[in-house]
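Below is one structure, written out as structure tokens; comments come after it.
Nothing in this text is a laboratory measurement; each read-out follows from the coordinates by a stated rule. What you see is a predicted model; the values in this text were computed from it and never measured. Note: ideal-geometry Cβ built from the backbone for every residue, glycine included; neighbour counts use all protein chains shown.
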Amino acid sequence: MAILNSKVPEGPIKDKWTKYKDKINLVNPANKRNIDIIVVGTGLAGGSAAATLAEQGYNVKAYCYQDSPRRAHSISAQGGINASKNYMGDGDSDYRLFHDTVKGGDYRSREANVYRLAEVSVNIIDQCVAQGVPFARDYGGLLDNRSFGGVLVSRTFYAKGQTGQQLLLGAYSAMNRQIARGKIEMFNRHEMLDVVIVNGKARGIITRNLITGEIERHSAHAVIIASGGYGNVYFLSTMAMGANATAAWKIHKKGAFFANPSFTQIHPTCIPRSGDYQSKLTLMSESLRNDGRIWVPAKIEDAKAIQQGKLKPTEIAEEDRDYYLERRYPAFGNLVPRDVASRAAKERCDAGYGVNGTGEAVFLDFASAFERYGKEQAKIKGIKNPSEEEIIKLGQAIIEEKYGNLFQMYEKIIAENPYETPMMIYPATHYTMGGVWVDYNLMTTIPGLYCIGEANFSDHGANRLGASALMQGLADGYFVLPYTIGDYLADEIRTGEIPTDTPEFDEVEKSVKERIDFFMNNKGSKSVDHFHKRLGVVMWNKAGMSRNEKDLQEAMKEIKAIREEFWKDVKVSGDANEMNFELEKAGRVADFLELGELFAKDALNRNESCGGHYREESVVTEGEQKGEALRNDEDFAYVAAWEYKGEPADSVLHKEELEFKDIELKQRSYK
Ligand SMILES: Cc1cc2nc3c(=O)[nH]c(=O)nc-3n(C[C@H](O)[C@H](O)[C@H](O)COP(=O)(O)OP(=O)(O)OC[C@H]3O[C@@H](n4cnc5c(N)ncnc54)[C@H](O)[C@@H]3O)c2cc1C
């Protein structure tokens, strides 16, 4: 049984990273020129890592399945990126960001990693500003901040509702400089289909050229996986349609442990599902909760009338509305963390108070923000006795300035004007906190194989706070990995080029080709999506926002059965030697069908409620917190790292016990 070594340095938490950097092995600039590094994924994590490593002098080979790094899923991030700059002077600090992140993650993350994340967060903002990222600025020209759920300060830097896009343009331009210099060789439209291990070390990957179908070998001294999250295991999610688990799952099958697979984030503010034929869900940024108030009708008869289209939300009197988050959580109100807000919405909808035809929606209402901002604007502009109409107009202009593109997007999808009627929202799968287990160096359990960004498990515990994913991806890529990888590569300076004409490459390439041949020749009767949708239904119903032992046991069995049927009856049309989306999907769904079962097994094992993982058996039964999630620190204060053993159900659990020396473990309360 392998023993997990997190390699967290000794010493006070505030000094760990600084002292570690002082002592870590380095590779001298001349030797860096002789070292190749593969980076799989060029979203914010991989893109920033590729650019920085190339800038340092390494030879980087970077891969993405899209036609350009600019199309990575990171582009869709709307709301912002956290950093403990304390520009608002509202009491922020590295410690507070660290504290909020560990608490927000329900005390299931590694303290030392999170503290380092908080420390380097400030550098990220400086780096991105230097690249020209157009963060929002206040009237005086200083960078502006807003607030996200689970915190009491404003520390979120943003670029309207397009923060991810702007950050990605920054990382992409940094990459491009290195592509032009020949330090990054960019492989667009290349999908990594497996990793090659030589003498226990990661030495290369096998890819498929998605345009020609050619299977290729690529070697390097180290391999970095930055392939994003696996939320699409639910079929419907807010993630990009192509987002997948293949790279992460393939390295898991080769020996990289997979940590906390059941820790998924269900985001509270998404556009509700409209029917069975939908293939994608859309996020409405959490930033909207800064100004929008969430409510459902207080009376069941009003809820029914709304569901049947007989009553409009604007016709419900103020006293007949239930602002349930403000009622239940007065301290944080509409800005409670995502897991709490999602469960509260589900609770109201399950009780019959949902506000659309399916009964699975709640209102996000900006009426009081229009009024508040409108009154302020009237004062600023010196308008005496403004009419109600004037006030609303002035307020709407401010909201438009802040969230205009989100309002426009909502109107395009729902065909209702959110300036006139409240938005409807419902929770949806959004992010995966679980992922490949990594140590303090961001190395997996396979030497020379690293994992960064959403693909790893590291910093968010059981629940990620808003605007912290971009922070982590860029921290990993710009500021952490470029240091820590040197510690490993310092021993590789004499290795020389890694050959690809070896039995190890032969063997992996053969297995990749065999799998493609299988799909092309199977001639089954059902499409890949047929199986993916069925998997999604099981995941959502039995391993979704609320979980219990019986459902999870059933989920494991049902997923296995779907998987077996998939291998017998899947149909992939087209040719292997051309662009073939169906073939790409087949490989990805095959991996989801294994990951889904491990996910359910992990959720079954964790018989406690924590963060996004809510076990119905583990709930507070009395007192002020009655009905809230009950964590069990005595038995579950560990990272569950799973070792692959042939079948997901046979995976072996390794525990990384979590130590909390700098933060007191408390039941979370946002009341
Ligand atoms: C709608 C939405 C809004 C969000 N808003 C925010 C926000 O405001 N703030 C915030 O902090 N977070 C936000 N997030 C989360 C955040 O966007 C992601 O967690 C983050 O961008 C992930 O970055 P990444 O670099 O790890 O992965 P990705 O951006 O997903 O990039 C993955 C890369 O890996 C490549 N890849 C994958 N598999 C393979 C393979 N097998 N072979 C080759 N290449 C491969 C892809 O081509 C891509 O380049 C949001 C998420 C969503 C869904």
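Structure summary
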quantity: Cleavage-rule hits (trypsin sites (Lys or Arg not before Pro)) in the stretch 278-352: DSSP loop, at most 15 neighbouring Cβ within 10 angstrom; calculated: 280, 299, 310
quantity: Cα-based helix-to-principal-axis angle, 338-348 vs the chain, degrees rounded to 10; calculated: 50 degrees
quantity: Three-way shape label, the stretch 443-573, alpha-carbon gyration tensor, a/c 1.5; calculated: oblate
quantity: Qualifying chymotrypsin sites (Phe, Trp or Tyr not before Pro) for the stretch 97-145 [loop in DSSP, other Cβ within 10 Å: at most 14]; calculated: 139
quantity: Residue 279-residue 616 pseudo-label distance in nm [points 7 Å out on the Cα-to-Cβ vector]; calculated: 3.3 nm
quantity: DSSP-defined beta bridges in the chain - what % are antiparallel, rounded to 5; calculated: 70 percent
quantity: Neighbour cut-off at most 13 other Cβ (10 Å), DSSP loop, trypsin sites (Lys or Arg not before Pro), the stretch 1-51; calculated: 33
quantity: Residue-span extension gain [residue 513 to residue 209] - 0.36 nm each, minus C-alpha spacing; calculated: 108.2 nm
quantity: Helical mean residue ellipticity (222 nm; -39500 (n - 2.57) per DSSP H run of 4+; nearest 500) of the chain; calculated: -12000 deg cm²/dmol
quantity: Angle in degrees between helix 581-605 and the longest Cα principal axis of the chain, rounded to the nearest 10; calculated: 70 degrees
quantity: Length-normalised contact order of the stretch 479-593 in % [C-alpha pairs under 8 Å, at least 6 apart]; calculated: 33 percent
quantity: Within the chain: Cβ-based charge dipole about Cα centre, in debye rounded to nearest 20 (Lys, Arg +1; Asp, Glu -1); calculated: 800 debye
quantity: Under 13 Å from the residue 85 label point (7 Å along Cα→beta-carbon), backbone N, the stretch 157-181; calculated: 157-160
quantity: Dipole magnitude (debye, nearest 20) for the stretch 481-556, charges at Cβ of Lys, Arg, Asp, Glu; calculated: 880 debye
quantity: Cα shape, the stretch 17-88, gyration tensor, a/c 1.5 rule; calculated: oblate
quantity: Between the stretch 143-209 and the stretch 239-290, the alpha-carbon center distance in angstrom; calculated: 17 Å
quantity: Burial ordering of 451, 128, fewest other beta-carbon atoms within 10 Å first; calculated: 128, 451
quantity: Fewest-first sequence of 120, 114, 652 by Cβ atoms within 10 Å of each Cβ; calculated: 652, 120, 114
quantity: Inter-label distance, nm, simple model (7 Å from Cα along the C-beta direction), residue 657/residue 372; calculated: 4.6 nm
quantity: Sequence of 194, 487 once ranked by neighbouring C-beta atoms within 10 Å, starting from the fewest; calculated: 487, 194
quantity: Stretchable slack from residue 525 to residue 331, in nm (0.36 nm times residue separation minus alpha-carbon distance); calculated: 64.4 nm
quantity: Mean Cα-pair separation over length for the chain, i.e. relative contact order, pairs under 8 Å, 6 or more apart, %; calculated: 20 percent
quantity: Loop-exposed GluC sites (Glu not before Pro) per DSSP, neighbour cap 15 Cβ within 10 angstrom, longest uninterrupted part of the chain; calculated: 11-213
quantity: Rounded Å value of the spacing that divides the Cα centres of the stretch 485-549 and the stretch 383-451; calculated: 32 Å
quantity: Estimated dipole of the stretch 248-333 in Debye, rounded to 20 [Cβ of Lys and Arg +1, of Asp and Glu -1, Cα centre]; calculated: 720 debye
quantity: Prolate/oblate/rounded label for the chain (Cα gyration tensor, a/c 1.5); calculated: prolate
quantity: Signed unit charges on C-beta, dipole axis of the chain, positive-most listed residue 610, 410, 258; calculated: 410
quantity: Between helix 44-56 and the chain: long-axis angle, C-alpha atoms, 0 to 90°, nearest 10; calculated: 50 degrees
quantity: Cα centroid of the stretch 561-617 to Cα centroid of the stretch 1-49, whole Å; calculated: 31 Å
